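Down below is the structure, laid out as structure tokens.
The values are calculated or read from the model by the stated rules, or taken from the named source; none is laboratory data. Source: prediction; values computed, not measured. Positions of Cβ are generated from backbone atoms using ideal geometry, with glycine treated the same way; all protein chains shown enter the neighbour counts.
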Amino acid sequence: MKKFFATLALAIMFAAQAEAVSCEDSSFAFDTINHKLREWKCTPLKIWYGGDELNNAENIAYMNDLAAGKGFEKKFTACMVFYSDFHSPPDDGTISAWNHDTDYKNWSWYFGRYKDGTWHLMTWGY
């Protein structure tokens with residue numbers, strides 16, 4: 001498992017150097033996504049950056065629409081999108097939003113950034 005995370009961290013750092021998203025931004029997104037998946041008792045399989053082309057006016061407007069719906073007062077000036085593959089937990093007898101013991105692929109994660117550089121995870125899913 002350590003090898004997986006080491007490889008994943010290197011892949012994200014390499015992608016961050018090739019793209020406009022900084023290594024710090026990528027680390028924040030990776031940590032946030034990983035934390036959320038673990039909170040849901042899911043096993044992360046792969047996390048990757050969607051690319052600079054997704055930091056566009058349409059997606060920034062989408063982040064601001066979501067923010068307005070949540071009562072945020074400040075406007076976002078940037079957007080970054082990550083994707084992940086993960087495995088849902090086995091059936092433990094509780095009701096779950098997931099299909100138990102299933103791989104989910106290409107799950108999207110949208111982050112909005114304020115002018116001051118602060119990122120917020122705004123939405124996730126298909």
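Annotations
- One residue stands out in segment 23-64 among those that are closer than 19 Å to G117 by Cβ and small (G, A, S): the one that is modelled with the highest pLDDT, namely A29.
- Taking (1) of a type in the set (S, T, Y); (2) closer than 15 Å to W124 by Cα; (3) at pLDDT below 95 in turn, S84 satisfies each apart from (3).
- Filter result (of a type in the set (A, V, I, L, M) and within 12 Å of the chain's Cα centre (by Cα)) within segment 47-63: I47
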